[in-house]
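Asker: My structure is below; once you've seen it, I'll send some questions.
The values are calculated or read from the model by the stated rules, or taken from the named source; none is laboratory data. Owing to the predicted nature of the structure, the values given are computational and were not obtained by experimental measurement. Here the Cβ is made from the backbone with ideal geometry for all residues, glycine too, and neighbour counts use every protein chain on show.
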Amino acid sequence: MHGLALYISHVWEAAATTSTALCHLHGMDVDTERVALEIAPALAAIRTLDLEVICNSQSPADQDRYRSLLASDPQGQVVRGLLLLRNADIHLPATVDVKTDRITGGVNHVRVFPSWQPYDQLPGAIRTSTGTRPGAHNAYRTAVGGHLVVDTLLDAFAFFHRCDPTLARYVPGTEELEYFPLKQYISHDYDRRHPDQPSRPQVEAEVRRRTQQTPPLGKGRVIVHSFSSDGATIYCGATVRSLIPMDFTEPEDQVARDIQAGYPYVAVTADGTHHVVSVDGGNRLFADGSLLAQLPLRSPRDHPHTEFCQERWQVAATDAFEYRAQRHLHGC
């Protein structure tokens, strides 16, 4: 596990010091080559720990228990999913995705936050690979695809550490794991730098939960438009503040919770009339006695194209920190 810890630190540092640059012709030219080169030995170490160090060193009965743990434990599922990539033996940059909206810049280097491609976007050679059991494909879908690369590597380390703590290397004279916490760099929000720290999805789930429990800041919200997303009604408009109004997008059920908590919403119809929004015992939204869903709302004045609202909601729906910022709950 000393090797895996070392390789994780290399991946971390490589992602923080890339040669990513902005090209005036092609946009962001993302550099993932060095990151991929550092990922390869980490995946090899995971395969060795899984197969040779832990599984094959045990009795048949213990091997069965270990395989059951791999299949049932969330971090064990991460290990199984990563084995799919290692066994496929394919050029790793094809499996890594970097979202340009999370890049942070520096004078000499640019930090990127690589994540694994969703399963459906993996190269066909991986998806059709027969060198790994079908369970690895399912594990990749649910526990690896779309997740940050470093998050999954830390999950794998944490899993092996729970299986056998004696495999890890510690700082002499302490119980601190060597190489952890990882070096601190400039970040947008949360960085997981230790195997014992919660993963980003876990932190985001808690941030979203706390955000939804607290009404937005501001004097109230004005609803001017609605649209459907994944079967849910999403409302958008502006949060009324002392200075500059702030755009918002919010699902119908959250609007109902906000109103029940005493936070005011009004809806503006096409003729400019403001209607106070209320909620009944069945969590249905009404505007001055009429169902809000049936009200002819005014289109956004500053952004007449509904794509703007939909794009804004997609960001809030997939990034809890952005959602928190939208509700103006800084630091909550």
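Asker: Please count how many residues of segment 114-141 are in a helix (DSSP H, G or I) and surrounded by 14 or more Cβ atoms within 10 Å (Cβ to Cβ). Walk me through it before giving the result.
Answerer: Taking segment 114-141 and keeping what is in a helix (DSSP H, G or I), we get 119-121, 124-127, 134-141.
Among the residues that remain, those that are also surrounded by 14 or more Cβ atoms within 10 Å (Cβ to Cβ) are: 119, 126-127, 135-141.
Counting residues in segment 114-141 that are in a helix (DSSP H, G or I) and surrounded by 14 or more Cβ atoms within 10 Å (Cβ to Cβ) gives 10.
Asker: Condition first: in a helix (DSSP H, G or I), touching a Phe, Trp or Tyr at 6+ places or on another chain (Cβ under 8 Å), at pLDDT 95 or above and not basic (Lys, Arg). Can you find one or more residues in segment 171-188 that meet it? Don't jump to the end; show me each part of the working.
Answerer: Filtering segment 171-188 for residues in a helix (DSSP H, G or I) gives none.
No, there is no match, as no residue in segment 171-188 is in a helix (DSSP H, G or I), touching a Phe, Trp or Tyr at 6+ places or on another chain (Cβ under 8 Å), at pLDDT 95 or above and not basic (Lys, Arg).
Asker: Can you name the residue in segment 149-186 that is touching a residue at least 60 places away in the same chain (Cβ under 8 Å) and among the hydroxyl-bearing types (Ser, Thr, Tyr) and is also surrounded by the fewest Cβ atoms within 10 Å (Cβ to Cβ) among such residues? Quick ask: steps written out before the conclusion?
Answerer: Going through segment 149-186, the residues touching a residue at least 60 places away in the same chain (Cβ under 8 Å) turn out to be 149-150, 152-164, 167-169, 177-180, 182-183, 185-186.
From the residues that got through so far, the ones that are among the hydroxyl-bearing types (Ser, Thr, Tyr) too are 152, 179, 185.
Values: THR152: 25, TYR179: 22, TYR185: 16.
In this case the residue turns out to be TYR185.
Asker: Can you give me the number of residues within segment 251-283 that are in a helix (DSSP H, G or I) and small (Gly, Ala, Ser)? Before you say what the answer is, go through the steps one by one.
Answerer: Looking only at segment 251-283, we keep the residues that are in a helix (DSSP H, G or I), and these are 252-260.
Imposing the further condition that a residue be small (Gly, Ala, Ser) reduces the set to 256.
Counting residues in segment 251-283 that are in a helix (DSSP H, G or I) and small (Gly, Ala, Ser) gives 1.
Asker: Give the number of residues within segment 272-283 that are out of contact with any strand residue (DSSP E or B) (no Cβ under 7 Å at 6 or more places or on another chain), in contact (Cβ under 8 Å) with a residue 12 or more places away in the chain and closer than 14 Å to LEU297 by Cβ.
Answerer: Taking segment 272-283 first, the residues out of contact with any strand residue (DSSP E or B) (no Cβ under 7 Å at 6 or more places or on another chain) are 272-273, 281-283.
From what is left, the residues that are in contact (Cβ under 8 Å) with a residue 12 or more places away in the chain are 272, 283.
Imposing the further condition that a residue be closer than 14 Å to LEU297 by Cβ reduces the set to 272.
So the answer is 1.
Asker: Please determine whether any residue of segment 100-107 is modelled with pLDDT under 95 and assigned to a strand (DSSP E or B).
Answerer: Within segment 100-107, the subset modelled with pLDDT under 95 is 100-107.
The next check asks that each one be assigned to a strand (DSSP E or B); those that pass are 104-105.
So far as segment 100-107 goes, yes, one or more of its residues are modelled with pLDDT under 95 and assigned to a strand (DSSP E or B).
Asker: Which of the following residues is assigned by TED's automatic domain parsing to the domain that holds VAL110, within 22 Å of the chain's Cα centre (by Cα) and at pLDDT 90 or above: ALA44, ALA14?
Answerer: Details: ALA44 fails: within 22 Å of the chain's Cα centre (by Cα).
None of the others qualify; the one that does is ALA14.
Asker: What is the residue count in segment 236-250 for residues that are touching a residue at least 24 places away in the same chain (Cβ under 8 Å) and either surrounded by fewer than 19 Cβ atoms within 10 Å (Cβ to Cβ) or aromatic (Phe, Trp, Tyr) (or both)?
Answerer: Total meeting the criteria: 4.
Asker: Does SER57 satisfy the criteria of being at pLDDT 85 or above, surrounded by fewer than 19 Cβ atoms within 10 Å (Cβ to Cβ) and outside any helix (DSSP H, G or I)?
Answerer: On the way: at pLDDT 85 or above: yes; surrounded by fewer than 19 Cβ atoms within 10 Å (Cβ to Cβ): yes; outside any helix (DSSP H, G or I): yes.
So SER57 fits the description; yes.
Asker: Identify, from the list PHE286, PHE248, the residue that is outside any loop (DSSP other than H, G, I, E, B) and more than 27 Å from VAL315 (Cβ to Cβ). Working first, answer last.
Answerer: Details: PHE248 fails: more than 27 Å from VAL315 (Cβ to Cβ).
Being outside any loop (DSSP other than H, G, I, E, B) and more than 27 Å from VAL315 (Cβ to Cβ) holds for just one of PHE286, PHE248, which is PHE286.
Asker: Just one of (1) closer than 22 Å to PHE308 by Cβ; (2) assigned to a helix (DSSP H, G or I) trips up GLN212, so point out which.
Answerer: (1)
Asker: On to the next question. State which residue is surrounded by the fewest Cβ atoms within 10 Å (Cβ to Cβ) when the search covers only segment 263-281 and only residues that are farther than 21 Å from THR249 by Cβ and either within 32 Å of the chain's Cα centre (by Cα) or among the charged types (D, E, K, R) (or both).
Answerer: Filtering segment 263-281 for residues farther than 21 Å from THR249 by Cβ gives 271-273, 280-281.
Cutting the leftovers down to either within 32 Å of the chain's Cα centre (by Cα) or among the charged types (D, E, K, R) (or both) gives us 271, 280.
Numbers: ASP271: 7, ASP280: 10.
Looking at the filtered set, the residue picked out is ASP271.
Rundown of residues vs (1) acidic (Asp, Glu); (2) under 15 Å from the mean Cα position of the chain (by Cα), yes/no style:
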residue: ASP62; (1), (2): yes, no
residue: LEU69; (1), (2): no, no
residue: LEU83; (1), (2): no, no
residue: THR95; (1), (2): no, no
residue: ILE126; (1), (2): no, no
residue: SER129; (1), (2): no, no
residue: THR132; (1), (2): no, no
residue: ALA136; (1), (2): no, no
residue: GLY145; (1), (2): no, yes
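Asker: Another question about this same structure. Can you tell me which condition PRO195 does not meet? The list is (1) in a loop (DSSP other than H, G, I, E, B); (2) over 23 Å from the mean Cα position of the chain (by Cα); (3) closer than 18 Å to LEU43 by Cα, and all the others hold.
Answerer: Unmet condition: (2).
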